Amino acid sequence: MLKRIVDAREVETGTRVSASPEPSTRERQAMLHLSNLSHAVNHFQNQMMTMLYPYIMADLGMTYTAVGVLSAICSVLSSICQGAYGFLTPLFSRCKLLGFGNLGIALGTLMSGLAGSYPMLIVARGVASIGSSAQHPVGYSILSSYFPNNRGTVMALNTSVSNVGTLVATPLATVLLLVLGWREIFFVVTVASVVMGLIYLFFRDYGMPNRAGSGRSGLVQGFGSYRRVLKNRNMVLIALVFMVGGAGRDGGVNQIYFAPHLANDFGYSNLTIGILITAIAIGSIVGPIFFGWLSDRFSRVRMLQVSLALSCVGTLWVAHLGPGEVMLFISLLLYSAFTSSRGTQTQAIVADAASNEDRDAAFSLYFLLGFLSQPFWVLITGFLMDNAGFATALTVLSVTYIVGIFVLGFMRDERPTAMNPAVQ
């Protein structure tokens, strides 16, 4: 019976499907913990740059424009590389890709500490960005394979744990700067990525097509997966939802512009700004878990529309909110909880819409398209803040969520039936 099912799938997709055993409960949990931890380390290393930049700029003679160019280059590099993993996974184990990706982050981080000039820093951070590009498409793909019955909850947990890395990065980097220079901090955190990479190399990849065969056959399989993904209407629409959302993604508008707004428009001290930015970090931990849990129990499309509507309302509220620490803290927490929940819900829809054979290509295209739009929104928001003010900039961003709700109206909820709500 199993052989007939496998043969039928081969005819449908043109790929050779492996009837590999399912991972045990212990292996599922181990993969979940490892993916959560490596994702958190990834976020920590990105967020700590916020605290290190003033010292790096002073030593290397960098301007704010230079920092912006560096950020844009790293973002584009990471986005392009994320779009390639659908070609690599038919040839290499996803665990190996994640392992060597983390070792690439370690290499780029080590090179960052050794950089003696701005061009050398661009190369170093570029290497780290290429290494980190595996975490989203490959990491979410392998989690969706290991936890098919509760993808929304598991992916939300992964996102929230990664945001814990973002939360602790600022205070921990501040403490480290009291005893170490910025170069030494890079050397210290390199060790964490080395450990993550080595552990991944000992894990087994379940739920993937058989990789036996030539490299040419693997490339043919990859092209076939991308072609099927691009023909899937839901896949294209959900990537569009991710693209049009102007805020609520890693390293975007929330991370770049809220602190300057609180300092320049309200005149808050560094301590007050740090507390208020912490509210954004806390919201990004709580929101994805809550909405991811709901999406496993109700229609993912409808729950995503609800969270987008709340994102619009929350953005408008924060846009026109005046000074007042307590109200700002509560408002920023809710705003972040709403806007940061879009990612995990869209990722669960991607996992539902794609077959096991095409899921890596689906996630690769999803993150490629979604993150390629990030520099656009960062530049638009900066231009609006300079010329029209914070309120106008965020009002424009609020409209993007309405566009997302409209796009979702053309989608079908393709989640498999008979979902088991309990985490495996």
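The values are calculated or read from the model by the stated rules, or taken from the named source; none is laboratory data. Computed from a predicted structure; not experimentally measured. Ideal geometry is used to build each Cβ from the backbone, glycine not excepted, and the neighbour counts take in all protein chains shown. SASA here: full protein model, heavy atoms, side chains in, ligands and nucleic acids out. Shrake-Rupley method; radii C 1.70, N 1.55, O 1.52, S 1.80 Å.
Quantify, in whole percent, the carbon and sulfur part of the accessible surface of region 287-414 (1.4 Å probe; protein heavy atoms only).
On the way: 3650 of 4820 Å².
On region 287-414, the fraction of accessible area on carbon and sulfur atoms equals 76 percent.
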Accessible-area order for 31, 243, largest to smallest, probe 1.4 angstrom, reads 243, 31
Over region 24-138, with neighbouring protein chains present, the accessible area per residue in Å² at probe 1.4 Å is 39
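What's the carbon and sulfur percent of region 43-101's accessible surface, probe 1.4 angstrom, rounded to a whole number?
Numbers: 1780 of 2490 Å².
Reported share for carbon and sulfur atoms: 72 percent.
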Under a 1.4 Å probe, counting only protein heavy atoms, residue 275 has an accessible area in Å², nearest 10, of 90
Expected field for residue 410, accessible surface area in Å² at 1.4 Å probe radius, rounded to 10, holds 110
Two pseudo-spin positions, 7 Å from Cα along C-beta at residue 25 and at residue 265, lie apart in nanometres by 5.1
Note to self: C-alpha centroids of region 85-158 and region 44-65 sit apart, in Å, by 22
With all protein chains present and a 1.4 Å probe, the order of 273, 130, 80 from largest accessible area down is 80, 130, 273
Region 268-353 accessible area per residue, 1.4 Å probe, protein heavy atoms, integer Å², reads 37
For region 263-336, shape from the Cα gyration tensor axes a ≥ b ≥ c, cut at a/c of 1.5 then a/b versus b/c, turns out prolate
